[in-house]
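Report on the following structure.
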Amino acid sequence: MSNNIELMMPIKAVPYEHQKRAFEFTCDKFGVFDNRLKSRGVALLMEMDTGKTLVSVAVVGCLYQHGKVDRVLVVAPLSILGVWQEEFDKFADFPYTLTILKGTAAKKKEQLAKLSGEGLQIVIVNYESAWRLEKELLAYNADLIVADEGHKLKENRTSQSKGMHHLGDKAKYKLLLKGTVITNREMDVFSQYRFLNPQIFGTSFYSFRSQYFDMGGYGLHTPIFRKWMTDDFLRKMHSIAFRVTKSECLDLPEITEEVRSVDLERDALKIYDAIEDESYAELDDSEVTTANILTRLLRLSQITGGHLTDDDGAVNNVSKAKLDALPDIIDTAMAEDKKLVIMARFVPELDDIQELLEKKKIGYAVVRGGIRNRDDEIHRFQYDGKCRVFVGQIAAAGLGITLTAASTMVFLFPRLQHEQF
């Protein structure tokens with residue numbers, strides 16, 4: 001890979017070789033280098049921790065510097081909107097204005113209306129809001145739309161997917177980011193490529209189904225992919241897709257960390273602030289000991305986990321913010337056919353996680369207080385293909401456990417507002 005590509009990437013970092021290849025592939029499809037637009041959409045099928053967000057930032061900057069985009073729309077799961085802002089702040093070596101749409105629908109519309117028309121404008125919004133704000137986002141008239149966690153578009157008939165199709169039809173360039181092969185179900189490819197480039201698989205779902213599937217099963221209602229068309233199917237898919245796995249990236253560090261900050265809801269924050277103020281007052285009026293401080297820190301940590309135990313020992317639900325951030329992470333891991341470890345501290349948090357997995361009908365193993373068959377649970381996670389998630393209580397599963405079947409570990413840690421407390 002020549003150094004010329006690296007010089008074209010307007011980022012404050014030294015890119016890895018696979019990131020340079022992904023950047024070059026995308027810019028070539030978009031006609032940046034030769035003014036020959038080969039595809040309006042590109043899929044970056046890059047496994048978790050290979051840096052697809054960094055590549056996207058570089059593509060945004062390059063398109064802007066070449067006068068091809070002024071307005072960018074990033075659509076992502078709610079839990080990672082802040083990650084996108086952090087990545088632009090960290091890596092973008094070009095001027096831009098970035099706005100995360102927050103609050104009520106009226107507030108988000110107000111934010112869009114106040115955007116200036118000067119320079120590169122980047123708007124970040126979650127999927128649920130994107131289709132509800134379709135009219136306003138169409139008026140925003142994005143030149144480039146980035147769809148992060150592309151499996152969110154796999155269902156062709158949902159309002160979410162239809163909204164993204166409509167937005168994509170108007171945008172000149174589209175990026176779809178996903179961790180690995182587009183899907184484990186060939187049927188899901190249509191909606192994602194309908195957004196990216198309708199020329200690949202067309203705009204009619206039924207024509208797509210008729211071309212690649214036979215109808216079987218009871219009542220002939222189950223689509224069955226025609227295996228003999230696999231080569232043609234993959235050729236079309238990969239014509240506008242760059243794919244790389246972690247095992248192919250020999251220069252990557254072995255472990256990559258990502259911090260996702262979750263804000264407490266307004267009511268939960270009021271409870272947090274009230275207990276914090278009460279704790280300061282009690283400490284002023286009593287002897288300051290390590291035990292006193294740890295007790296109060298424990299109560300604040302419980303709130304960030306979503307629960308608070310009162311003086312009578314009853315557990316009260318006070319927040320769902322952290323729990324609501326989990327489904328996106330779980331869905332991504334399942335879509336990439338990866339195994340996931342989730343570690344939490346408090347019993348009510350573990351209960352919530354297990355209930356979430358049961359609702360999603362995802363097989364899991366658990367090691368927490370009261371679990372006697374610890375080794376059996378670990379073995380099942382390691383070797384049972386149907387056991388997709390390991391749920392661990394830090395006190396019970398924090399040491400002496402081998403969980404090499406997992407590719408990602410999530411720690412639900414509290415982040416207190418005032419570290420000096």
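The rows are residues; the columns are (1) within 23 Å of the chain's Cα centre (by Cα); (2) open to solvent by less than 50 Å² (accessible area, probe 1.4 Å).
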{"residue": "E128", "(1), (2)": "yes, no"}
{"residue": "A142", "(1), (2)": "yes, yes"}
{"residue": "V146", "(1), (2)": "yes, yes"}
{"residue": "S207", "(1), (2)": "no, no"}
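Looking at I80, I5, which one is in a helix (DSSP H, G or I), in contact with a Lys or Arg (Cβ under 7 Å, 6 or more places away or on another chain) and surrounded by fewer than 20 Cβ atoms within 10 Å (Cβ to Cβ)? Walk me through it before giving the result.
Values: I80 fails: surrounded by fewer than 20 Cβ atoms within 10 Å (Cβ to Cβ).
Answer to the selection: I5.
Cβ-Cβ distances below 6 Å connect the following pairs, each with a first residue in segment 124-146 that is touching a residue at least 12 places away in the same chain (Cβ under 8 Å), a second residue that is of a type in the set (S, T, Y) and open to solvent by less than 40 Å² (accessible area, probe 1.4 Å), and a separation of six or more residues or different chains: L144/Y173; V146/S56. Counting only strands (runs of 3 or more DSSP E) wholly contained in segment 238-340, the ones carrying 1 or more residues that are at pLDDT below 75 and over 28 Å from L81 (Cα atoms) occupy 307-309. Among the residues of segment 303-321, are any out of contact with any Phe, Trp or Tyr (no Cβ under 9 Å at 6 or more places or on another chain) and closer than 21 Å to M48 by Cβ? No - not one qualifying residue is present in segment 303-321.
Within segment 55-84, which residues are within 25 Å of V244 (Cα to Cα), modelled with pLDDT under 95 and of a type in the set (A, V, I, L, M, F, W, C)? Answer for segment 55-84, where residues must be within 25 Å of V244 (Cα to Cα), modelled with pLDDT under 95 and of a type in the set (A, V, I, L, M, F, W, C): A76, I80, L81, V83, W84.
Working only within segment 30-44, note down all residues that are open to solvent by less than 40 Å² (accessible area, probe 1.4 Å), touching a residue at least 60 places away in the same chain (Cβ under 8 Å) and either within 21 Å of L120 (Cα to Cα) or not in a loop (DSSP other than H, G, I, E, B) (or both). Explain how you work it out, then say what you get.
Looking only at segment 30-44, we keep the residues that are open to solvent by less than 40 Å² (accessible area, probe 1.4 Å), and these are 30-32, 39, 41-44.
Next, from what is left, pick out any that are touching a residue at least 60 places away in the same chain (Cβ under 8 Å): 30, 39, 41-44.
Residues satisfying the conditions are F30, G41, V42, A43, L44.
Restricting attention to segment 340-358, the residues that are open to solvent by 20 Å² or more (accessible area, probe 1.4 Å) and either closer than 19 Å to K154 by Cα or within 19 Å of the chain's Cα centre (by Cα) (or both) total 1.
Only one of the numbered conditions (1) at pLDDT 90 or above; (2) buried (at least 17 other Cβ atoms within 10 Å of the Cβ); (3) β-branched (V, I, T) is violated by T183, and that is (1).
Going by the conditions given, is V74 outside any loop (DSSP other than H, G, I, E, B) and open to solvent by less than 40 Å² (accessible area, probe 1.4 Å)? Can you show your working first?
Numbers: outside any loop (DSSP other than H, G, I, E, B): yes; open to solvent by less than 40 Å² (accessible area, probe 1.4 Å): yes.
Taking the combined requirement at face value, the residue satisfies it.
Scanning segment 165-184 for residues that are hydroxyl-bearing (S, T, Y) and in a loop (DSSP other than H, G, I, E, B) gives T180, T183. Just one of the listed residues (E47, E17, E24) is within 30 Å of K338 (Cα to Cα), open to solvent by 10 Å² or more (accessible area, probe 1.4 Å), among the charged types (D, E, K, R) and without any contact (Cβ under 8 Å) to a residue 24 or more places away in the chain, and it is E24. Within segment 212-233, residues that are in contact (Cβ under 8 Å) with a residue 40 or more places away in the chain have Cβ atoms under 9 Å from residues that are open to solvent by less than 70 Å² (accessible area, probe 1.4 Å) and among the β-branched types (V, I, T) in these pairs: F233/V189, counting only partners at least 6 apart in sequence or on another chain.
The values are calculated or read from the model by the stated rules, or taken from the named source; none is laboratory data. Quick caveat: nothing in here was measured; it's all calculated off a predicted structure. Every residue, glycine among them, receives a Cβ derived from its backbone with ideal geometry; neighbour counts consider all protein chains shown. When the accessible area is computed, the model is the full protein with side chains, heavy atoms only, and any ligands, DNA or RNA have been set aside. Shrake-Rupley method; radii C 1.70, N 1.55, O 1.52, S 1.80 Å.
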